[in-house]
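Heads up: the structure comes next, in structure tokens.
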Amino acid sequence: MMQQTDHPPASTTSNEAAWKLHPQLLADSIPVTELPTCAIRLLDDARFPWILLIPRVAGLTQWLDMPQDIAHQVLDEVHEVQQVLQQIFTPIRINFAAIGNRVDQLHIHCVARFSNDAAWPDVVWGHGRRQPYNPLDRLTRANAIAAGLKSHSRRHSSN
């Protein structure tokens, strides 16, 4: 599992160098990996396989403020995360959204959904209390997703 650092990856631009993760996102999630544009984090709620993608662009609060080339890359990364969630968990649906009403730093939610999950068929936001993972399950899930993303990236970069 990737460790959270205050330093962005070496391939970042000067804008990314000023980027910092919002304290609420830091408190509610754990790092999984880094993709070229987004930090990938697992929301600490064992009820749902729930991934956050946070574009490493300083000051970004709304999708419409994102430069178009970065928006295209973020969408590619959302698609990649969704494919890995589908492969690992085989959900019947993957919900994704960028809401930002409580945390103003732009972040995208990807949530694997099942007909027997705690909120089905309603949305997961505001439904019940978050149930943190036990440490071993949290690490196992984060590592599985990180491995899936690494494998997915390798398969698609060789095409």
Original post:
Residues of the stretch 29-70 being touching a Leu at 6+ places or on another chain (Cβ under 9 Å) and surrounded by fewer than 17 Cβ atoms within 10 Å (Cβ to Cβ), which ones?
Top reply: THR61, GLN62, TRP63, ASP65
Subject >> Conditions (1) touching a helix residue (DSSP H, G or I) at 6+ places or on another chain (Cβ under 7 Å); (2) at pLDDT 95 or above: number failed by MET1 >> reply: (2)
Subject >> Test set (1) touching a Ser or Thr at 6+ places or on another chain (Cβ under 8 Å); (2) exposed (fewer than 13 other Cβ atoms within 10 Å of the Cβ) - GLN105 fails condition number >> reply: (2)
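Conditions (1) surrounded by 14 or more Cβ atoms within 10 Å (Cβ to Cβ); (2) of a type outside the set (Gly, Ala, Ser); (3) over 15 Å from the mean Cα position of the chain (by Cα), marked per residue:
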residue	(1), (2), (3)
GLN131	no, yes, yes
ALA142	yes, no, no
ALA146	yes, no, no
SER157	no, no, yes
Subject >> Of all residues making up the stretch 110-129, the number that are touching a residue at least 60 places away in the same chain (Cβ under 8 Å), out of contact with any helix residue (DSSP H, G or I) (no Cβ under 6 Å at 6 or more places or on another chain) and either assigned to a strand (DSSP E or B) or surrounded by 14 or more Cβ atoms within 10 Å (Cβ to Cβ) (or both) >> reply: 6
Original post:
Can you name every residue in the stretch 121-159 that is under 22 Å from VAL78 (Cα atoms) and either in contact with a Lys or Arg (Cβ under 7 Å, 6 or more places away or on another chain) or basic (Lys, Arg) (or both)?
Top reply: ARG138, ARG141, LYS150, ARG154, ARG155
**OP:** Tell me, yes or no, whether the stretch 93-105 has at least one residue that is under 28 Å from TRP19 (Cα atoms), among the acidic types (Asp, Glu) and in a helix (DSSP H, G or I).
**Re:** no
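Yes/no per residue for (1) farther than 12 Å from PHE48 by Cα; (2) aliphatic (A, V, I, L, M):
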| residue | (1), (2) |
| --- | --- |
| PHE96 | yes, no |
| HIS109 | no, no |
| ASN116 | no, no |
| PRO121 | yes, no |
| ARG130 | no, no |
| ARG138 | no, no |
| LEU149 | yes, yes |
Subject >> Criterion: over 14 Å from the mean Cα position of the chain (by Cα), modelled with pLDDT of 95 or more and not aromatic (Phe, Trp, Tyr) - qualifying residue of GLN83, GLN87 >> reply: GLN87
Original post:
Restricting the search to the stretch 42-57, which residues are part of a loop (DSSP other than H, G, I, E, B) and closer than 16 Å to GLY100 by Cβ?
Top reply: VAL57
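The values are calculated or read from the model by the stated rules, or taken from the named source; none is laboratory data. Please read all numbers here as calculations on a predicted model, not as lab measurements. Note: ideal-geometry Cβ built from the backbone for every residue, glycine included; neighbour counts use all protein chains shown.
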